[in-house]
Structure formats: C-alpha cells, structure tokens
Amino acid sequence: DNEFGIFYRAFCQSARWLPGVRDGQTAGFTGWKKRMEAFKIDVDSLKKALGDQIIVNAKVHIQGKGWVLYENVSRDTVLGTMDEKRRLEAVEIEILNMPDGYIFEYDVHVQGDGWLGYIQSGFSNGSTGMKVRIEAIRMRIRKIN
C-alpha cells in the first residue's frame, strides 16, 4: 500500500502547471520532448499523513544555474524556475523525521534514458553536466515493515 498522501505537481515547458498527482503517479510528460522546469510538493498534506515533525529539504540542478538549495520546503515552494526556459537536470529531495518503518523514494524521467529508477531520500537523481532535461518525476512513500 503506497497511499500515504504525497501530493506533487510539475511545471513544464509550454504547459505550465499541470494538475497535481499523488503516490507514484507521473508529474510531467514522457514522450513529448518537453522539459520540466519546476515542481512543488504539498508538504501540508504530507504532515497531515505522517506528522508535523516532517521537514522537506531539496536541491535542484537548474540549467545555467547549477545546484539550488531549498530548506524547509512549504506547499508553495517552487523547486526550480518558472518562465525562464531552464530545464531541471537533477533533483535531490530529503524528507527528515519520517516515522519508523517508512521510506521516501523518487524517480525521474530524463531525455533519452527514460525512468532512471527509484532512489531513497537524500540521494541525487538525474544528471549534471550532460545537458539532459528531466521530463517527469514521481514520488512515493513506502511502508517497509
């Protein structure tokens, strides 16, 4: 059961903000050759599901800017850029103070390679220095025991 209420949405080239998705669903486009420029995580719903102790930190690698750090993300935090035509190239998301027995994972879909595979909180997914765009992202929380 992966229904722990992690909600997120993507801001993509020419489409702008897409409708929100949840729990492993795809935010962004696959097969459309569109860059994902930003995303948001609904931290409020995450805290409601897992407790107020939850803290979300993120780093995103933005075309032409490199790594940008976002600490104590809120539901309105834009991770990336809007209207600057800059692709996201890599992301690193960390959720602190998860309840015991739960892990947070995320996967990115990149130009030319498709889905890279789920990785755990705190690790980087995507690429740097290769000029390759992230096209979509999916996130999930899993119960591990």
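The values are calculated or read from the model by the stated rules, or taken from the named source; none is laboratory data. Just so it is clear, the model here is predicted, and its values are computed rather than measured. Counting neighbours? That spans all protein chains shown, and the Cβs are built from the backbone with ideal geometry, glycine included. Surface areas here come from the heavy atoms of the whole protein model, side chains and all, with no ligands, DNA or RNA. Shrake-Rupley method; radii C 1.70, N 1.55, O 1.52, S 1.80 Å.
Restricting to segment 114-133, and then to whatever is of a type outside the set (Gly, Ala, Ser) and in a loop (DSSP other than H, G, I, E, B), can you tell me which residue is nearest to Gly28 (Cα to Cα)? Here the answer is Arg133. Of the residues making up segment 65-113, just one is in contact with a Gly (Cβ under 7 Å, 6 or more places away or on another chain), assigned to a loop (DSSP other than H, G, I, E, B) and either open to solvent by 40 Å² or more (accessible area, probe 1.4 Å) or of a type in the set (Ser, Thr, Tyr) (or both), namely Arg86. Across segment 26-57, the number of residues qualifying as part of a loop (DSSP other than H, G, I, E, B) and of a type outside the set (Gly, Ala, Ser) comes to 11.
Residue check: Val60 meets all listed conditions (1) hydrophobic (A, V, I, L, M, F, W, C); (2) open to solvent by less than 40 Å² (accessible area, probe 1.4 Å); (3) under 16 Å from Gly5 (Cβ atoms) but one, namely (3).
Scanning segment 1-50 for residues that are touching a strand residue (DSSP E or B) at 6+ places or on another chain (Cβ under 7 Å) and among the polar types (S, T, N, Q) gives Asn2, Gln13, Gln25, Thr26, Thr30, Ser45. Identify, please: which residue in segment 90-145 is acidic (Asp, Glu) and over 13 Å from the mean Cα position of the chain (by Cα) and is, among those, modelled with the highest pLDDT? Taking the candidates together, the pick is Asp113. Please enumerate the residues belonging to segment 62-77 that are closer than 18 Å to Asn125 by Cα and β-branched (Val, Ile, Thr). If the condition is that a residue be closer than 18 Å to Asn125 by Cα and β-branched (Val, Ile, Thr), then Ile62, Val68 are the ones that fit.
Considering segment 45-94, and only residues there that are touching a residue at least 12 places away in the same chain (Cβ under 8 Å) and basic (Lys, Arg), the residue that is nearest to Gly114 (Cα to Cα) turns out to be Arg87. Within segment 50-66, if we keep just the residues that are over 18 Å from the mean Cα position of the chain (by Cα) and among the small types (Gly, Ala, Ser), the residue that is nearest to Gly129 (Cα to Cα) turns out to be Gly64. Limited to segment 16-34, what total is found for residues that are open to solvent by 40 Å² or more (accessible area, probe 1.4 Å) and either without any contact (Cβ under 8 Å) to a residue 40 or more places away in the chain or of a type in the set (Lys, Arg) (or both)? Within segment 16-34, residues that are open to solvent by 40 Å² or more (accessible area, probe 1.4 Å) and either without any contact (Cβ under 8 Å) to a residue 40 or more places away in the chain or of a type in the set (Lys, Arg) (or both) number 8.
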